[in-house]
Number of protein chains: 2
Amino acid sequence: MSLNLQTHTEHFTNPLYLESGRILEPYDITYETYGTLNDDKSNVVVICHALTGSHHCAGLYENENKPGWWDGLIGPNKAIDTNRFFVICTNVIGSCFGSTGPMSTMHPHHEPYRYKFPVVTIKDMIKAQRILFDRLDIHRVHAIVGGSMGGMQALQFAIHYPNFANKIVAMATTYATQPWAIAFNKVASESILKDPDFQQGYYDPEVIKEQGLSGMAVGRMAGHISFLSHESMKTKFGREYKRTDGLYELFGKFQVESYLEYNGYNFTKWFDPLSYLYITKAINIFDLARGFDSLEEAMKKVQAELHLVSFSNDLLFKSSEMRELHEVLNKLENKNHHYMEVASDYGHDAFLVELDKFEDYVKDVLNG
Amino acid sequence: MSLNLQTHTEHFTNPLYLESGRILEPYDITYETYGTLNDDKSNVVVICHALTGSHHCAGLYENENKPGWWDGLIGPNKAIDTNRFFVICTNVIGSCFGSTGPMSTMHPHHEPYRYKFPVVTIKDMIKAQRILFDRLDIHRVHAIVGGSMGGMQALQFAIHYPNFANKIVAMATTYATQPWAIAFNKVASESILKDPDFQQGYYDPEVIKEQGLSGMAVGRMAGHISFLSHESMKTKFGREYKRTDGLYELFGKFQVESYLEYNGYNFTKWFDPLSYLYITKAINIFDLARGFDSLEEAMKKVQAELHLVSFSNDLLFKSSEMRELHEVLNKLENKNHHYMEVASDYGHDAFLVELDKFEDYVKDVLNG
């Protein structure tokens, strides 16, 4: 069977009431589906994407070189089997791949929001998704699976829409963003803001796509450090030096430097700087306990079968953070929760790269 | 007894032959001494500084708020007791506190070197120090102690001047800089280079001191992440948010963000950007095995009593790197080497901050 990839954008005219007290109105949500919805709508699996991810988590568009970001996991006969499940992944609000974000036109003006865009939270992101699912007449799903910021969304679903999903898998994530991760985001935001080509937010997006934005490239380089680990960098690059460069040339480069440069500058061709600022803000202020007396009180709301998956050498969201959450759940009654630590030297990006280490687990959860 | 702090600068007119094949001529070395040299010159302790350190490692100048960077360790009756030892710390060449660096005047011109300054290595740094000590008629010292890049110098002394020191203590350092550390330096160098106020190296240093250099500030923020750890950040900042800022304000800040901002921008008032580029280059290309068939061959040269000290949660130069070096030494005959891992959650900066955890060890080494 084919993947049956479909991409849609839905337009909403009712206001979206945000956690901040502000509203977003109107707004669009772009999403992608794979597989086929069954008659009783019992086969829906929701995928939630990370900071710079998108709704395009599987399959290959025409003229595309690289498939969706979790293509190894999602498809016919894969762990998230599209022969069986109807998979939906939405682009979060605040992002830049079709859903409303800071560079979307601010109704009724014809100019982008830019800084007039409201700060959105992880809770706002899942609220918008929930409204989309309502429109699609999907009121309960089989599972929600997400990694990194996608894992934050999955956990937020577990608390705020406790009856919406049967099963939830939150990977490589945390219960509240810790200062280490906030610090990396700070390097990126400061670097973007101080780049004169950012023009204090009044840049021309086409110019940036063409010419790059070094401030965002530098920020992304810092990001890439946080996605890896000492060990994965050692394996990937060692102390290999570019053959064409002299060791005693000030600008001679190690391979790891070339890697960061390439990925940093390439990133500015496909991601929007204001979206980066807004989404990192959402990540920074993510805290499952907000609005509750404690994390324990928050977790009492959980009804779904909850799976926490961490990676042993994840330096961005440490395994210990998932263990802390697991221990909070252990104290509560009537919870069906599981914790698995995947042994991996790769670092945070293991959830995108080392699929072979957890795909069976995900498969068993979905089929079990 | 008093600290007897003295600061001097020596001028050298003979060329310094560098590892790159280039020469530095003439050059200055600024250094500081504490305590008193005894008659048979047997009480000299050399201190080696880190990336942004200087010769000023102890004591307080007039009108200075903060004492030298290892003041807690060095002084009368302290671990490195200046009642007993004559302590010397030199500013490395390439730096910006008196020794010749990229912003020094390039003889016979009246302009700074800037990019005409040669790349210097850790080996070059210690060679210059050795020449200074010769002029001071000091041909053998009791001990050399250094942390981070200072530890690299200490190890390089152990190999290249095997009979120069009785004892060597290398802390929070490595045998060859690994890609994780190079990656952090890359974020900083890229950020500096792309800042228009850096003017492609042709900046006015006075203007930068007054107005700051956001590119270097951002780079330093990344540096500060690498100096800390998840745990120290959690203890220091948690998720504390600035009281005057709204949680849903895009530019509202967590305390960790304020800390990075303050330290990042303050740094540009006292450190030179070209020195930063040159010294991080020296760190990146540091490799004890260079010029030898293997690290083992290099370590065969060691004659001094060698102490390797690492910090359990150092994320910049991991404990495992010192252990690897220790294991190499274990394979060799007739070596007097010791390895100690200091249990610490602090991160790399523990060697500057948690003196109480290793001062007794240093004291015992020096007195033993």
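The values are calculated or read from the model by the stated rules, or taken from the named source; none is laboratory data. Since we're looking at a predicted model, the values are computed, not measured. When we count neighbours, we look across all protein chains shown, and the Cβ atoms used for this are built from the backbone with ideal geometry, even at glycine.
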Test each condition in (1) out of contact with any Lys or Arg (no Cβ under 8 Å at 6 or more places or on another chain); (2) assigned by TED's automatic domain parsing to the domain that holds residue A:274 for residue A:148 and report the one that comes out false.
(2)
Does at least one position in the stretch A:9-20 carry a residue that is within 24 Å of residue A:361 (Cβ to Cβ), surrounded by 19 or more Cβ atoms within 10 Å (Cβ to Cβ), touching a residue at least 60 places away in the same chain (Cβ under 8 Å) and not assigned by TED's automatic domain parsing to the domain that holds residue A:272?
no
Any hit, the stretch B:140-150, residues being surrounded by fewer than 22 Cβ atoms within 10 Å (Cβ to Cβ), within 27 Å of residue B:11 (Cα to Cα) and not hydroxyl-bearing (Ser, Thr, Tyr)
yes
Yes or no: residue B:234 within 7 Å of chain A (Cβ to nearest Cβ), within 23 Å of residue B:317 (Cα to Cα) and in contact with a Lys or Arg (Cβ under 9 Å, 6 or more places away or on another chain)?
no
Filter the stretch B:189-202 down to residues that are more than 9 Å from every other protein chain (Cβ to nearest Cβ) and under 25 Å from the mean Cα position of the chain (by Cα) and give me whichever is surrounded by the most Cβ atoms within 10 Å (Cβ to Cβ).
B:192
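Restricting attention to the stretch A:98-111, report how many residues are touching a residue at least 24 places away in the same chain (Cβ under 8 Å) and of a type outside the set (S, T, N, Q).
Qualifying residue count for the region: 5.
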So if I check each of A:276, A:259, A:175, which one is surrounded by fewer than 22 Cβ atoms within 10 Å (Cβ to Cβ) and either within 11 Å of another protein chain (Cβ to nearest Cβ) or of a type outside the set (A, V, I, L, M, F, W, C) (or both)?
A:259
The lone condition residue A:72 fails out of (1) buried (at least 19 other Cβ atoms within 10 Å of the Cβ); (2) touching a helix residue (DSSP H, G or I) at 6+ places or on another chain (Cβ under 7 Å); (3) part of a loop (DSSP other than H, G, I, E, B) is (1)
Could you check, for the stretch B:341-355, whether at least one of its residues is more than 12 Å from chain A (Cβ to nearest Cβ) and under 16 Å from residue B:177 (Cα atoms)?
yes
Residue A:270: passes all of (1) at the interface with chain B (Cβ under 9 Å from one of its Cβ atoms); (2) surrounded by fewer than 19 Cβ atoms within 10 Å (Cβ to Cβ); (3) over 30 Å from residue B:122 (Cβ atoms) but (1)
When you look at residue B:157, is it out of contact with any Lys or Arg (no Cβ under 7 Å at 6 or more places or on another chain), more than 10 Å from chain A (Cβ to nearest Cβ) and either outside any loop (DSSP other than H, G, I, E, B) or of a type outside the set (Ser, Thr, Tyr) (or both), yes or no?
yes
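Considering A:42, A:95, which residue is more than 24 Å from residue A:279 (Cβ to Cβ) and touching a residue at least 24 places away in the same chain (Cβ under 8 Å)?
Of A:42, A:95, the one residue that is more than 24 Å from residue A:279 (Cβ to Cβ) and touching a residue at least 24 places away in the same chain (Cβ under 8 Å) is A:42.
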